[in-house]
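*Asks:* This structure is in structure tokens; I'll ask about it shortly.
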Amino acid sequence: MKGDGGQSTVGPLSEVANIPVLPVPSRKSFRWWLVPFVCVVLTTTLYTLAFAPYNRFESAFVFLTPFVAWSMFRPGLRRFAVAAFLASFLCWFFSIHWLVNLGDHLGSRGLGYTCLSFCSLIFGFGMWIWLLLMHRIVPLVLDRPFWVRFLGILCLAGAWVLIEWARESILNVQWNTLSSSLWQQPVLLQLASVTGAWGLSFYLVFFNIGITIYVRHLVQRGYAKRSFFQRFCPEFYILFSIIGLMIWMFFLSLDKAREREPMFRAGIIQPDIPQSAKSDPLQTSRILGILHEFMQDLRLDDIAKPPELFLWPETATPVEALGNTRASEDVGKIVEQMVNTLDTPLLMGNMRADDVRVVLHPREGGGATEMRSLNLEGIQLTGLGAGFSPHQAPPKIKTHSKSKEGQVHVEAKVRSDGTIDLSVSDNGKFLPGELAVVWFTTLYNGIFYVEPGTGIDEVFYAKQKLVPFGEYVPLGRYISFLKKIVKVDEEFLPGRSSVQIPVRVGTRDFKVGPLVCYEDVFAEIAREHALKGADFLYVATNDGWYGTGGAAYQHAAHSVLRSVETRRPILRCGNNGWSGWINELGIIRQVLEHPADGVYLQGSLALDVQRVRAFAGRQTFYVRHGDWFVVLSSVFVLAGLLLFRGYFTKQGQPIG
């Protein structure tokens, strides 16, 4: 607006928006660092309490409020950015502190803290970016028309969803999505069957911002001195209307769940094998003995109603049970004999190893003592790729030359489509009768089905999401020195698709949707299984690397989300926890635990698995349409940024 003299009549932003601006104290004063300190401590504490093992889900509704409230006073960017960075780092540092236990397996506690700090930086970076965006947007929407405030909140909540999605889809890692803090509150989870877990994270951020704006609204306008319309704050009613919707969806689902049908009785074996023994081939016989003993005990516990299907955890034996190696043949025969003796099928986490060897001879022709190159004609060494991923390193290629002077060299490259090419060359100094050998091993971590009388089924599921620095070295084929720092004895190859395993339990046939290790934190894989007709999901995992803190509980929280998203029962079997089953409403029905030790113990449990008739064979809105809510969140973010970008160029001009 222009006055008669051509000068703007609009005052500073604080006057237009009626934003209280506190005087900025000097850096040496007590007040200069007190507010950032309080915000960092409160946000870190509330965020940590929201997740297991504390499970104070209420904290997830308010953990962002300290920084949201502080941003309303337009603090300086530098001071806010430093405080936000510390809070983001510390939130993750304390919530996943169990990662330090990796140091016990890497050689020193210091390496464990290094891994923890690195992961806290990576995960915390997204939260830091979000806080900086919030610092920019929140002051602009205060005291604006409702539609501007509402769009600002939608933009920020959508930005949080995009950050979580990017972590999963771009970085290929995921953990502790904000929605997982609600894992023990099935009343609030049912929205995930429509929006996926993204909708729950969206709502929690929406609530944090909305409730802070509402409290400011009451403080600024005075609750007792104003009329209803002056006190009216739409954000408050929207927040609690959504909670009402969640509760309605729960009771609607609960009413459908009244009609259930039994599926089968499963026996889970939790052997609690130390990590040092799980990687020692000499311990194979002892571990198989422990597994067999627990299987027999479960049958004897209830002879009239024994388990109809046994479940083993991830990589149950140190040596692979399937493949063309001599060791795999021996282990496979023992497992098949156990299953035949008990006359009960088995779903087990295990490995498959196949050795691929190519013998190369010198070319024919020439004199008897003439040196020559290897004959590579007809040798198919390209496109070995079904199962190789462009994101991982190729398998370790080994060569051997039975020649005095002849040498062979092999380079492996991964194509963009995931296949691998082997380029073989030699120095041309091979004599007749000499030879060279090129070989490598394809190693998969997966889930296998063993049927009495038939043996181990060739149809198996290969784990698609490998654990960085545990099962492969990220960027190892680009940065060679990483493999020298992080020594992975054998790199696994990832699976390329979500394979459902057909199983026969008694007289009934089911399709299993397998998930290995931490794959249940990725909604995409569970959704694909449900989309392809899986009757239930099975998670074979091993959280024994991470001690007896909150790791197994935080991991299980994601399984609860997957059960609601897909409306499929989920069975979990861990090496030392968390083992049990979860129904389609995200309600934990049975779990193997001890009153003193919690889920970290050696034992077995019979699960009476049921399913809801109304959900059997049907697909949820989320399963049918996928991550549509992520797209909607992108629209919110784009719309908000476009609106506020226009405002950034017109500082001081009111919107609307």
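*Asks:* Cβ-Cβ under 6 Å, sequence separation 6+ or interchain: first residue in the stretch 30-53 and within 20 Å of Leu132 (Cα to Cα), partner open to solvent by less than 70 Å² (accessible area, probe 1.4 Å) and not in a helix (DSSP H, G or I). Which pairs?
*Replies:* That search, which allows pairs on different chains as well, returns Trp32/Pro25; Thr43/Phe63; Leu46/Phe63; Tyr47/Phe63.
*Asks:* Which of the residues that make up the stretch 74-92 are modelled with pLDDT of 95 or more and at positive phi?
*Replies:* none
*Asks:* Related question: Six or more apart or on different chains, Cβ atoms under 9 Å: show the pairs whose first residue is in the stretch 543-561 and at pLDDT below 95 and whose second is open to solvent by less than 10 Å² (accessible area, probe 1.4 Å) and basic (Lys, Arg).
*Replies:* Correct list of pairs: empty, since none qualify.
*Asks:* Among (1) part of a loop (DSSP other than H, G, I, E, B); (2) at pLDDT 95 or above; (3) touching a helix residue (DSSP H, G or I) at 6+ places or on another chain (Cβ under 6 Å), where does Ala534 come up short?
*Replies:* Result: Ala534 fails condition (3) only.
*Asks:* For the stretch 360-378, how many residues are at pLDDT 55 or above and open to solvent by less than 80 Å² (accessible area, probe 1.4 Å)? Full working, then the answer.
*Replies:* Applying the first criterion (at pLDDT 55 or above) to the stretch 360-378 yields 360-377.
Add one more test, that the residue is open to solvent by less than 80 Å² (accessible area, probe 1.4 Å), and what stays is 360, 362, 365-367, 371-376.
Qualifying residue count for the region: 11.
*Asks:* While we're looking at this one, here's another question. Within the stretch 59-73, does at least one residue satisfy the condition of being part of a helix (DSSP H, G or I), more than 30 Å from Pro145 (Cα to Cα) and modelled with pLDDT of 95 or more?
*Replies:* Among the residues of the stretch 59-73, not one is part of a helix (DSSP H, G or I), more than 30 Å from Pro145 (Cα to Cα) and modelled with pLDDT of 95 or more, which makes the answer no.
*Asks:* Looking at this structure, is Phe125 aromatic (Phe, Trp, Tyr), in a helix (DSSP H, G or I) and farther than 30 Å from Pro234 by Cα?
*Replies:* Criteria met by Phe125.
*Asks:* OK, next. Looking at Trp165, Trp160, Trp147, Trp175, can you tell me which residue is within 16 Å of Leu121 (Cα to Cα) and of a type in the set (Phe, Trp, Tyr)?
*Replies:* Trp175
*Asks:* May I pose another question? Kindly check whether there is at least one residue in the stretch 211-221 that is touching a Leu at 6+ places or on another chain (Cβ under 8 Å), open to solvent by less than 20 Å² (accessible area, probe 1.4 Å) and under 14 Å from Arg562 (Cβ atoms).
*Replies:* no
*Asks:* Looking only at residues that are part of a loop (DSSP other than H, G, I, E, B) and aliphatic (A, V, I, L, M) in the stretch 291-319, which one is surrounded by the fewest Cβ atoms within 10 Å (Cβ to Cβ)?
*Replies:* Out of the qualifying residues, it is Ala304.
Residue-wise test of (1) modelled with pLDDT of 95 or more; (2) more than 30 Å from Gly199 (Cα to Cα).
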| position | (1), (2) |
| --- | --- |
| Leu254 | no, no |
| Ala266 | yes, yes |
| Gln270 | yes, yes |
| Lys305 | no, yes |
| Phe310 | yes, yes |
| Pro313 | yes, yes |
| Val319 | no, yes |
| Asn324 | no, yes |
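*Asks:* From the set of residues in the stretch 395-412 that are under 11 Å from Lys429 (Cα atoms) and outside any strand (DSSP E or B), which is least open to solvent (accessible area, probe 1.4 Å)?
*Replies:* Gly406
*Asks:* Across the stretch 353-378, what is the number of residues that are closer than 30 Å to Phe492 by Cα, in a loop (DSSP other than H, G, I, E, B) and touching a residue at least 40 places away in the same chain (Cβ under 8 Å)?
*Replies:* Selection size over the stretch 353-378: 1.
*Asks:* Those residues that are surrounded by 22 or more Cβ atoms within 10 Å (Cβ to Cβ) and in a helix (DSSP H, G or I), I need them from the stretch 39-58; list them, please.
*Replies:* Those that are surrounded by 22 or more Cβ atoms within 10 Å (Cβ to Cβ) and in a helix (DSSP H, G or I): Cys39, Val40, Thr43, Thr44, Tyr47, Ala50.
*Asks:* With modelled with pLDDT of 95 or more, surrounded by 15 or more Cβ atoms within 10 Å (Cβ to Cβ), aliphatic (A, V, I, L, M) and not in a strand (DSSP E or B) as the only criterion, which of Val609, Val623, Val635, Val631 stands out? Before you say what the answer is, go through the steps one by one.
*Replies:* On the way: Val609 fails: not in a strand (DSSP E or B); Val635 fails: surrounded by 15 or more Cβ atoms within 10 Å (Cβ to Cβ); Val631 fails: surrounded by 15 or more Cβ atoms within 10 Å (Cβ to Cβ).
Checking each option against the conditions leaves just Val623.
*Asks:* Here is a further query. Just wondering, is there one or more residues in the stretch 565-583 that are modelled with pLDDT of 95 or more, open to solvent by 20 Å² or more (accessible area, probe 1.4 Å) and within 30 Å of Leu156 (Cβ to Cβ)?
*Replies:* no
*Asks:* Follow-up. Give the residues of the stretch 92-107 that are open to solvent by less than 40 Å² (accessible area, probe 1.4 Å) and in a helix (DSSP H, G or I), sorted by residue number. Can you show your working first?
*Replies:* Within the stretch 92-107, the first condition is being open to solvent by less than 40 Å² (accessible area, probe 1.4 Å), and the residues that meet it are 92-93, 95-96, 98-103.
Those that are open to solvent by less than 40 Å² (accessible area, probe 1.4 Å) and in a helix (DSSP H, G or I): Trp92, Phe93, Ser95, Trp98, Leu99, Val100, Asn101, Leu102, Gly103.
*Asks:* Out of everything in the stretch 413-453 that is within 43 Å of the chain's Cα centre (by Cα), in a strand (DSSP E or B) and surrounded by fewer than 18 Cβ atoms within 10 Å (Cβ to Cβ), what residue ends up being modelled with the highest pLDDT?
*Replies:* Glu451
*Asks:* Looking only at residues that are touching a helix residue (DSSP H, G or I) at 6+ places or on another chain (Cβ under 9 Å) and among the charged types (D, E, K, R) in the stretch 579-632, which one is nearest to Leu254 (Cα to Cα)?
*Replies:* Filtering first and then ranking leaves Glu584.
*Asks:* What tally of residues in the stretch 258-290 results from selecting those that are assigned to a helix (DSSP H, G or I) and over 28 Å from the mean Cα position of the chain (by Cα)?
*Replies:* 10
*Asks:* Look through the stretch 325-353, keep the residues that are polar (S, T, N, Q) and under 33 Å from the mean Cα position of the chain (by Cα), and return whichever of them is surrounded by the fewest Cβ atoms within 10 Å (Cβ to Cβ).
*Replies:* Thr325
*Asks:* In the stretch 464-476, is there at least one residue being open to solvent by 50 Å² or more (accessible area, probe 1.4 Å) and at pLDDT below 80?
*Replies:* For the stretch 464-476, residues open to solvent by 50 Å² or more (accessible area, probe 1.4 Å) and at pLDDT below 80: present.
*Asks:* Collect the residues in the stretch 305-345 that are among the β-branched types (Val, Ile, Thr) and either touching a Lys or Arg at 6+ places or on another chain (Cβ under 8 Å) or free of Cβ contacts under 8 Å to residues at least 24 places away in the same chain (or both), keeping them in residue-number order.
*Replies:* Looking only at the stretch 305-345, we keep the residues that are among the β-branched types (Val, Ile, Thr), and these are 315, 317, 319, 325, 331, 334-335, 339, 341, 344.
Matches in the stretch 305-345: Thr315, Thr341, Thr344.
*Asks:* Does Ile247 satisfy the criteria of being in contact (Cβ under 8 Å) with a residue 40 or more places away in the chain and open to solvent by 10 Å² or more (accessible area, probe 1.4 Å)?
*Replies:* Answer is yes for this residue.
*Asks:* Also, I was wondering about something else. Somewhere in the stretch 161-172, is a residue over 16 Å from the mean Cα position of the chain (by Cα), touching a residue at least 24 places away in the same chain (Cβ under 8 Å) and buried (at least 17 other Cβ atoms within 10 Å of the Cβ)?
*Replies:* There is no residue in the stretch 161-172 that is over 16 Å from the mean Cα position of the chain (by Cα), touching a residue at least 24 places away in the same chain (Cβ under 8 Å) and buried (at least 17 other Cβ atoms within 10 Å of the Cβ).
*Asks:* Then there is this: Taking interchain pairs and intrachain pairs at least six residues apart, which have beta carbon atoms under 6 angstrom, with the first residue in the stretch 120-143 and over 21 Å from Gly76 (Cβ atoms) and the second at pLDDT below 95 and open to solvent by less than 10 Å² (accessible area, probe 1.4 Å)?
*Replies:* Matching pairs, first to second residue: Asp143/Ala17.
*Asks:* Any idea which residue in the stretch 129-158 is surrounded by the fewest Cβ atoms within 10 Å (Cβ to Cβ), counting only those that are out of contact with any Leu (no Cβ under 9 Å at 6 or more places or on another chain) and of a type in the set (Phe, Trp, Tyr)?
*Replies:* Trp147
*Asks:* Also, I was wondering about something else. Can you name the number of the only condition in (1) on the phi > 0 side of the Ramachandran plot; (2) open to solvent by 10 Å² or more (accessible area, probe 1.4 Å) that Ile588 fails?
*Replies:* Condition (1) is where Ile588 drops out.
The values are calculated or read from the model by the stated rules, or taken from the named source; none is laboratory data. For clarity, every value in this text was computed on a predicted model and none was experimentally measured. As a convention, Cβ positions derive from the backbone with ideal geometry for all residues, glycine included, and neighbour counts pool all protein chains shown. Accessible surface is based on the protein model in full, side chains and every heavy atom, while ligands, DNA and RNA are left aside. Shrake-Rupley method; radii C 1.70, N 1.55, O 1.52, S 1.80 Å.
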